[in-house]
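Quick notes on the structure that follows.
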Amino acid sequence: MRHLDEDGRFSSLSVRMRPLYDTRLADLGPGDLVEAECVCGHAELLTAELLRMAGVPEHQKIEELPAYMRCQECDERGKVVVSVKWGNGERSLGN
Ligand SMILES: [Zn+2]
């Protein structure tokens, strides 16, 4: 029988929920998305694959991505707020 932690989630799941400041491109897998939302309201969902194709290195912290991103809508650079939307797919750590 599995045990729930105080938040009511399986403790094995909380391991996957890394804080943004500790999340690098290498931590993202298929099904995980980076949501980038500009102050102008323009939002985009980026896949790890797309970021890699754009030349983002594996060790790049997701939190620091906005410094390199420019909004396609208002053309402002560094006005983007990013967050990670973890996919539901089960994935072993270190894979
Ligand atoms: Zn914008």
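Readers should treat all values here as calculations from the given coordinates under stated rules, not as data from a laboratory. Remember, it's a predicted structure, so these values are computed and weren't measured experimentally. Neighbour counts run over all protein chains shown; Cβ positions are idealised from the backbone, glycine included.
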Practice item. List the GluC sites (Glu not before Pro) within segment 22-88 that fall in a DSSP loop (any state other than H, G, I, E or B) and whose Cβ has at most 14 other Cβ atoms within 10 Å. Key: E58, E73, E76
Revision key, fill the gap. With bins of 5 Å, the percent of all Cα-Cα pairs of segment 30-75 per bin from 0 is 5, 19, 33, 26, 13, 4
